[in-house]
Amino acid sequence: MTKQALVLAEFDPGGIPALKGLGYIVELAGWGQTRHPLAEDELVALIPDVALLVVEVEEVTGKVIAAAHRLEIVAACRARPVNVDVAAATGRMIPVLSTPARNADAVADFALGLVLAVGRNICRADRYLRRHGWYVGNEIPYFHFRGPELADRTLGLVGCGNIGRRLASRAQALGMQVLAYDPYLERDDLGDLGRLVSLGEVLAQADFLSLHVPVTEETDKIIGMAEISQMKPSAYLINTARAAVVDETALYNALQQHQIAGAALDVFWQEPLPADSPWLELDNVLLTPHLAGAADDVKVHHSAMVIEDVRTLLAGGCPARLVNPEVLETCSDPVFGKHRG
């Protein structure tokens, strides 16, 4: 019997025939079509006959799951399915899929772009040229927008998972040295990508410090006044992770007082950034509106992951990105659990 798939995420058009080939009638709606997520009641109205739900932004609450009488699979096009009530799905024995690393290359590219842009004053020079013209006073701009070459400079990474490793590879291609702090890695885990060292050594040696950790009790304000004071006066801080991993006041004061050379921030403690935010007044910080993961190719990546894992589920196997393996007897195999860890 043909089943219904409701796709609310941005989805690769080329992937729709693949879903149909798996036996689904596909309906496209919500965020992926209108750029506005469905409200809970709207989703409840659509969900009763849906067998496969693919979401990105919409909240899949317990109420939504309770209304989904035929739901067999939930696929969240996110690294972590924070918008899905996984416990409610597990209670109904519904597998929940996620798409970790779907935008890892996108974020790594963007972080490297921020390193170049903030270090070489690309955005400052652009702003100055548009507002004031070519000359700085009576001098040529050559003297005023200089910055370091990247070759032989040190990239420091706080967190070295999917994104950090990709950034390390890109940095090495430009001749940079890479130091990383990640307490969940063993010394040999990075191979030739860089050296695992203490947080203190990363802070002291980095010319560019790039953050790539989730927000947890361990990482909340992991970069505060004490950590910033260990950085070189010539160093730059790059944050494409989450704002909460940095103490806002400590960083703002450090930049205002030129304790470090500058920062590039793609994430903020209040989003959207208010029009009267004091961050807009600092000339040594580059600001972008949470764009690091916004590459055109991301939807292609997460669509392929969803299709692969749905196909595996339908064939009776254990998907690589299954969030709640306890819902499937075939996923209780110790080898599978070890693989996931």
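The values are calculated or read from the model by the stated rules, or taken from the named source; none is laboratory data. Just so it is clear, the model here is predicted, and its values are computed rather than measured. All Cβ positions, glycine included, derive from the backbone under ideal geometry; neighbour counts span all protein chains shown.
Return the only residue of Val202, Val178, Val213 being of a type in the set (Val, Ile, Thr), assigned to a strand (DSSP E or B) and assigned by TED's automatic domain parsing to the domain that holds Asn239. Please lay out each step first, then the result.
Numbers: Val202 fails: assigned to a strand (DSSP E or B); Val213 fails: assigned to a strand (DSSP E or B).
The conditions single out Val178.
Please go through the range 285-321 and give me each residue that is acidic (Asp, Glu) and buried (at least 21 other Cβ atoms within 10 Å of the Cβ), ordered by number.
Start the filter on the range 285-321 by keeping residues that are acidic (Asp, Glu), which leaves 296-297, 308-309.
The one that is acidic (Asp, Glu) and buried (at least 21 other Cβ atoms within 10 Å of the Cβ): Asp309.
Testing Ile238 on (1) of a type outside the set (Ser, Thr, Tyr); (2) outside any helix (DSSP H, G or I); (3) farther than 25 Å from Ala79 by Cβ, one condition comes back false. Which one is that?
(3)
Could you say whether any residue in the range 260-275 is part of a helix (DSSP H, G or I), farther than 16 Å from Gly161 by Cβ and in contact with a helix residue (DSSP H, G or I) (Cβ under 9 Å, 6 or more places away or on another chain)? Don't jump to the end; show me each part of the working.
Looking only at the range 260-275, we keep the residues that are part of a helix (DSSP H, G or I), and these are none.
No, the range 260-275 contains no residue that is part of a helix (DSSP H, G or I), farther than 16 Å from Gly161 by Cβ and in contact with a helix residue (DSSP H, G or I) (Cβ under 9 Å, 6 or more places away or on another chain).
Would you mind stating whether Ala244 is small (Gly, Ala, Ser) and in contact (Cβ under 8 Å) with a residue 12 or more places away in the chain? Spell out how you get there, then give the answer.
Numbers: small (Gly, Ala, Ser): yes; in contact (Cβ under 8 Å) with a residue 12 or more places away in the chain: yes.
Answer is yes for this residue.
With the condition kept exactly as written, say whether any residue in the range 137-146 is in contact (Cβ under 8 Å) with a residue 24 or more places away in the chain, under 24 Å from Pro289 (Cα atoms) and over 23 Å from the mean Cα position of the chain (by Cα).
Within the range 137-146, the subset in contact (Cβ under 8 Å) with a residue 24 or more places away in the chain is 145-146.
Subsequent filtering for residues that are under 24 Å from Pro289 (Cα atoms) retains 145.
So of that shortlist, the ones also over 23 Å from the mean Cα position of the chain (by Cα) come out as 145.
Yes, the range 137-146 contains at least one residue that is in contact (Cβ under 8 Å) with a residue 24 or more places away in the chain, under 24 Å from Pro289 (Cα atoms) and over 23 Å from the mean Cα position of the chain (by Cα).
Only one of Tyr181, Tyr236 is over 23 Å from Ala101 (Cα atoms), surrounded by 22 or more Cβ atoms within 10 Å (Cβ to Cβ) and among the hydroxyl-bearing types (Ser, Thr, Tyr); which? Step through it out loud before you land on a result.
On the way: Tyr181 fails: over 23 Å from Ala101 (Cα atoms).
Unique residue meeting the criteria: Tyr236.
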